[in-house]
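Beneath this line is the structure, given in C-alpha coordinates, with notes to follow.
The values are calculated or read from the model by the stated rules, or taken from the named source; none is laboratory data. Every value quoted in this text rests on a predicted model; they were computed, and no experiment measured them. Don't worry about glycine lacking a Cβ; one is built from the backbone with ideal geometry, like all the others, and counts go over all protein chains shown.
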Amino acid sequence: MFSKTLWLALALIAVLSLTAAASGRESYLITGKDIKPHSITSRHLVDHTIQIHDLSLALVKSLRGQVGPTGATGPKGDTGTAGAQGPKGDAGATGATGAQGKTGATGAAGVRGLTGPAGPIGPKGERGLPGLANVETDGPYPGRPDSENNLHGMQGDQSTAMWAADGTLQTSWVMCAPGKVALGGGFGQDDVQTTNLRIVTSSPIQIANGKTYFDDPSVYKPIDPEGSFVPNGWIVQGYNLGTQPLIVRPWVVCATVGR
(Lines give C-alpha, C1' and ligand atoms only; values in the text may rest on other atoms or scores of the structure.)
Protein backbone atom coordinates (compact mmCIF):
# COMPACT_ATOMS: atom_id res chain seq x y z
CA MET A 1 0.00 0.00 0.00
CA PHE A 2 1.30 3.49 -0.86
CA SER A 3 2.19 5.81 2.01
CA LYS A 4 0.21 8.92 2.69
CA THR A 5 3.28 11.05 1.79
CA LEU A 6 3.57 9.52 -1.65
CA TRP A 7 -0.03 10.21 -2.35
CA LEU A 8 0.36 13.77 -1.33
CA ALA A 9 3.44 14.18 -3.56
CA LEU A 10 1.56 12.86 -6.54
CA ALA A 11 -1.23 15.21 -5.83
CA LEU A 12 1.16 18.14 -5.62
CA ILE A 13 2.73 17.22 -8.92
CA ALA A 14 -0.65 17.13 -10.52
CA VAL A 15 -1.47 20.58 -9.16
CA LEU A 16 1.84 22.09 -10.32
CA SER A 17 1.40 20.54 -13.74
CA LEU A 18 -2.07 22.02 -14.11
CA THR A 19 -0.83 25.39 -12.91
CA ALA A 20 1.99 25.47 -15.42
CA ALA A 21 -0.30 24.48 -18.26
CA ALA A 22 -2.74 27.16 -17.32
CA SER A 23 0.00 29.85 -17.28
CA GLY A 24 1.48 28.72 -20.62
CA ARG A 25 4.88 27.92 -19.06
CA GLU A 26 5.68 24.34 -19.74
CA SER A 27 9.41 24.65 -20.17
CA TYR A 28 10.15 22.48 -17.21
CA LEU A 29 7.99 19.62 -15.74
CA ILE A 30 8.66 18.52 -12.21
CA THR A 31 8.53 14.79 -11.78
CA GLY A 32 8.86 12.46 -8.84
CA LYS A 33 12.59 12.32 -9.39
CA ASP A 34 12.85 16.02 -8.63
CA ILE A 35 11.18 15.64 -5.25
CA LYS A 36 13.06 14.27 -2.34
CA PRO A 37 11.16 11.60 -0.50
CA HIS A 38 9.26 12.85 2.54
CA SER A 39 10.12 16.45 1.63
CA ILE A 40 6.47 17.52 0.88
CA THR A 41 4.30 17.44 3.93
CA SER A 42 0.84 18.63 4.88
CA ARG A 43 2.13 22.10 5.62
CA HIS A 44 3.13 22.52 1.96
CA LEU A 45 -0.50 22.02 0.86
CA VAL A 46 -3.26 24.61 0.91
CA ASP A 47 -6.13 23.47 3.07
CA HIS A 48 -9.21 22.27 1.22
CA THR A 49 -7.59 22.39 -2.21
CA ILE A 50 -7.31 18.62 -2.98
CA GLN A 51 -10.77 17.33 -4.22
CA ILE A 52 -11.93 13.81 -4.84
CA HIS A 53 -12.11 14.42 -8.58
CA ASP A 54 -8.33 15.20 -8.44
CA LEU A 55 -7.72 11.61 -7.36
CA SER A 56 -7.97 8.44 -9.39
CA LEU A 57 -10.93 6.08 -8.95
CA ALA A 58 -8.63 3.36 -7.67
CA LEU A 59 -7.29 5.75 -5.03
CA VAL A 60 -10.80 6.78 -3.98
CA LYS A 61 -11.85 3.14 -3.77
CA SER A 62 -8.82 2.22 -1.70
CA LEU A 63 -9.57 5.00 0.75
CA ARG A 64 -12.97 3.45 1.60
CA GLY A 65 -12.94 1.39 4.78
CA GLN A 66 -14.03 -2.21 4.86
CA VAL A 67 -17.53 -3.06 6.04
CA GLY A 68 -17.42 -3.97 9.71
CA PRO A 69 -19.14 -7.01 11.22
CA THR A 70 -22.85 -6.85 12.06
CA GLY A 71 -23.49 -5.66 15.56
CA ALA A 72 -25.31 -7.80 18.11
CA THR A 73 -29.08 -7.63 18.18
CA GLY A 74 -30.38 -5.39 20.94
CA PRO A 75 -32.91 -6.59 23.54
CA LYS A 76 -36.60 -6.61 22.58
CA GLY A 77 -38.52 -3.65 23.85
CA ASP A 78 -41.52 -4.02 26.17
CA THR A 79 -44.99 -4.23 24.61
CA GLY A 80 -46.77 -0.91 24.89
CA THR A 81 -50.15 -0.51 26.60
CA ALA A 82 -53.13 -0.80 24.25
CA GLY A 83 -54.76 2.52 23.46
CA ALA A 84 -58.37 3.30 24.45
CA GLN A 85 -61.09 2.11 22.04
CA GLY A 86 -62.20 4.83 19.69
CA PRO A 87 -65.89 5.90 19.39
CA LYS A 88 -68.24 3.78 17.30
CA GLY A 89 -68.44 4.92 13.71
CA ASP A 90 -71.68 5.85 11.95
CA ALA A 91 -73.68 3.03 10.38
CA GLY A 92 -72.86 2.56 6.75
CA ALA A 93 -75.46 2.79 3.99
CA THR A 94 -77.54 -0.32 3.32
CA GLY A 95 -76.05 -2.39 0.58
CA ALA A 96 -77.92 -3.25 -2.58
CA THR A 97 -80.18 -6.32 -2.49
CA GLY A 98 -78.42 -9.33 -3.86
CA ALA A 99 -79.76 -11.35 -6.72
CA GLN A 100 -82.39 -13.97 -5.87
CA GLY A 101 -80.93 -17.40 -5.47
CA LYS A 102 -81.99 -20.35 -7.54
CA THR A 103 -84.98 -22.39 -6.44
CA GLY A 104 -83.94 -25.46 -4.58
CA ALA A 105 -84.77 -28.89 -5.86
CA THR A 106 -88.16 -30.36 -4.91
CA GLY A 107 -87.91 -32.76 -2.03
CA ALA A 108 -88.91 -36.34 -2.36
CA ALA A 109 -92.59 -37.15 -1.76
CA GLY A 110 -93.35 -38.46 1.69
CA VAL A 111 -94.75 -41.89 2.27
CA ARG A 112 -98.54 -41.93 2.33
CA GLY A 113 -99.95 -43.03 5.63
CA LEU A 114 -102.27 -45.99 5.94
CA THR A 115 -106.00 -45.36 6.05
CA GLY A 116 -107.35 -45.95 9.50
CA PRO A 117 -110.29 -48.28 10.14
CA ALA A 118 -113.79 -46.87 9.78
CA GLY A 119 -115.30 -45.58 12.98
CA PRO A 120 -118.45 -47.10 14.46
CA ILE A 121 -121.82 -45.95 13.21
CA GLY A 122 -123.19 -43.18 15.36
CA PRO A 123 -126.53 -43.33 17.15
CA LYS A 124 -129.66 -42.68 15.17
CA GLY A 125 -130.65 -39.04 15.20
CA GLU A 126 -133.95 -37.68 16.35
CA ARG A 127 -136.85 -37.75 13.96
CA GLY A 128 -137.14 -34.55 11.96
CA LEU A 129 -140.15 -32.31 11.78
CA PRO A 130 -142.95 -33.46 9.48
CA GLY A 131 -142.66 -32.32 5.92
CA LEU A 132 -145.38 -30.54 4.00
CA ALA A 133 -146.83 -31.40 0.62
CA ASN A 134 -149.89 -30.71 -1.53
CA VAL A 135 -150.56 -27.27 -0.03
CA GLU A 136 -153.93 -25.75 -1.02
CA THR A 137 -156.56 -23.28 0.23
CA ASP A 138 -160.36 -23.63 0.19
CA GLY A 139 -163.09 -21.04 0.75
CA PRO A 140 -166.79 -22.08 0.26
CA TYR A 141 -169.48 -19.63 -0.71
CA PRO A 142 -172.25 -19.66 1.95
CA GLY A 143 -175.74 -19.39 0.53
CA ARG A 144 -175.13 -22.02 -2.12
CA PRO A 145 -175.98 -25.67 -1.79
CA ASP A 146 -173.11 -27.85 -0.63
CA SER A 147 -172.93 -29.57 -4.03
CA GLU A 148 -172.14 -26.26 -5.74
CA ASN A 149 -169.19 -25.57 -3.41
CA ASN A 150 -167.73 -29.03 -4.00
CA LEU A 151 -168.67 -29.93 -7.55
CA HIS A 152 -166.02 -32.64 -7.95
CA GLY A 153 -166.22 -34.07 -4.46
CA MET A 154 -162.51 -33.48 -3.79
CA GLN A 155 -162.95 -30.98 -0.94
CA GLY A 156 -164.05 -31.40 2.64
CA ASP A 157 -167.37 -30.35 4.10
CA GLN A 158 -168.30 -26.70 4.67
CA SER A 159 -171.18 -24.67 6.04
CA THR A 160 -173.63 -23.16 3.55
CA ALA A 161 -175.82 -20.78 5.55
CA MET A 162 -175.62 -16.99 5.26
CA TRP A 163 -175.39 -14.90 8.42
CA ALA A 164 -178.84 -13.83 9.49
CA ALA A 165 -179.45 -10.32 10.85
CA ASP A 166 -181.25 -11.53 13.98
CA GLY A 167 -178.71 -10.57 16.64
CA THR A 168 -177.64 -14.16 17.35
CA LEU A 169 -174.18 -15.72 17.08
CA GLN A 170 -173.53 -16.82 13.50
CA THR A 171 -171.03 -19.49 12.29
CA SER A 172 -169.19 -20.36 9.06
CA TRP A 173 -166.67 -23.18 8.76
CA VAL A 174 -164.73 -25.12 6.13
CA MET A 175 -163.00 -28.50 6.30
CA CYS A 176 -159.75 -29.63 4.60
CA ALA A 177 -159.81 -32.37 2.00
CA PRO A 178 -159.59 -35.86 3.55
CA GLY A 179 -156.10 -36.65 4.93
CA LYS A 180 -154.92 -33.03 5.06
CA VAL A 181 -154.14 -30.79 8.04
CA ALA A 182 -155.21 -27.16 8.50
CA LEU A 183 -152.17 -24.85 8.63
CA GLY A 184 -154.01 -21.53 8.89
CA GLY A 185 -157.16 -19.70 7.90
CA GLY A 186 -159.36 -16.62 8.08
CA PHE A 187 -162.45 -15.12 6.48
CA GLY A 188 -163.56 -12.89 3.67
CA GLN A 189 -166.59 -10.60 3.25
CA ASP A 190 -168.07 -10.81 -0.22
CA ASP A 191 -170.85 -9.14 -2.20
CA VAL A 192 -171.85 -6.62 0.46
CA GLN A 193 -169.15 -4.56 2.24
CA THR A 194 -170.50 -3.32 5.55
CA THR A 195 -169.45 -2.21 9.00
CA ASN A 196 -172.28 -4.22 10.50
CA LEU A 197 -170.08 -7.34 10.70
CA ARG A 198 -168.46 -8.19 14.05
CA ILE A 199 -166.09 -11.21 14.20
CA VAL A 200 -165.50 -12.83 17.58
CA THR A 201 -163.82 -16.13 16.57
CA SER A 202 -161.38 -17.10 13.78
CA SER A 203 -159.51 -20.28 14.69
CA PRO A 204 -158.52 -23.81 13.68
CA ILE A 205 -160.95 -26.60 14.60
CA GLN A 206 -161.69 -30.30 14.28
CA ILE A 207 -164.62 -31.31 12.07
CA ALA A 208 -166.19 -34.71 11.49
CA ASN A 209 -169.42 -35.88 9.82
CA GLY A 210 -170.46 -32.32 9.01
CA LYS A 211 -170.14 -31.16 12.64
CA THR A 212 -167.58 -29.17 14.60
CA TYR A 213 -166.60 -30.02 18.17
CA PHE A 214 -168.78 -27.05 19.20
CA ASP A 215 -171.75 -29.00 17.84
CA ASP A 216 -170.58 -32.43 19.01
CA PRO A 217 -167.94 -32.64 21.76
CA SER A 218 -167.09 -36.22 20.70
CA VAL A 219 -165.42 -34.79 17.59
CA TYR A 220 -162.63 -33.34 19.74
CA LYS A 221 -159.61 -35.68 19.72
CA PRO A 222 -156.67 -34.31 21.79
CA ILE A 223 -153.16 -35.70 21.15
CA ASP A 224 -151.56 -34.90 24.55
CA PRO A 225 -152.59 -34.18 28.15
CA GLU A 226 -152.41 -30.44 27.52
CA GLY A 227 -155.30 -30.69 25.05
CA SER A 228 -153.38 -30.11 21.79
CA PHE A 229 -155.09 -31.38 18.66
CA VAL A 230 -154.51 -31.75 14.92
CA PRO A 231 -156.89 -29.34 13.14
CA ASN A 232 -158.56 -30.24 9.86
CA GLY A 233 -160.66 -27.09 9.36
CA TRP A 234 -161.27 -23.42 10.16
CA ILE A 235 -164.22 -21.75 11.92
CA VAL A 236 -165.40 -18.12 11.92
CA GLN A 237 -168.03 -16.80 14.38
CA GLY A 238 -169.59 -13.37 14.87
CA TYR A 239 -172.64 -11.14 14.63
CA ASN A 240 -174.46 -9.48 11.79
CA LEU A 241 -175.54 -6.12 13.22
CA GLY A 242 -177.28 -5.04 10.03
CA THR A 243 -180.78 -5.64 8.66
CA GLN A 244 -179.90 -7.95 5.76
CA PRO A 245 -178.20 -11.40 5.63
CA LEU A 246 -174.42 -11.34 5.00
CA ILE A 247 -172.09 -13.70 3.17
CA VAL A 248 -169.04 -14.50 5.27
CA ARG A 249 -166.63 -16.89 3.56
CA PRO A 250 -164.32 -18.98 5.79
CA TRP A 251 -160.90 -19.81 4.34
CA VAL A 252 -158.48 -22.59 5.30
CA VAL A 253 -154.91 -23.43 4.19
CA CYS A 254 -154.33 -27.18 4.09
CA ALA A 255 -151.46 -29.54 3.31
CA THR A 256 -150.39 -33.15 3.62
CA VAL A 257 -148.13 -33.45 6.68
CA GLY A 258 -145.71 -36.33 7.13
CA ARG A 259 -145.92 -38.08 10.48
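Tabulated values for the structure
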item: Residue check for Thr201: in a loop (DSSP other than H, G, I, E, B) and either over 16 Å from Pro140 (Cα atoms) or among the polar types (S, T, N, Q) (or both); result: no
item: Some residue of region 210-217 being among the acidic types (Asp, Glu), at pLDDT 90 or above and over 60 Å from the mean Cα position of the chain (by Cα); result: yes
item: Number of the exception - Ile223 against (1) of a type in the set (A, V, I, L, M); (2) surrounded by fewer than 15 Cβ atoms within 10 Å (Cβ to Cβ); (3) modelled with pLDDT of 95 or more; result: (3)
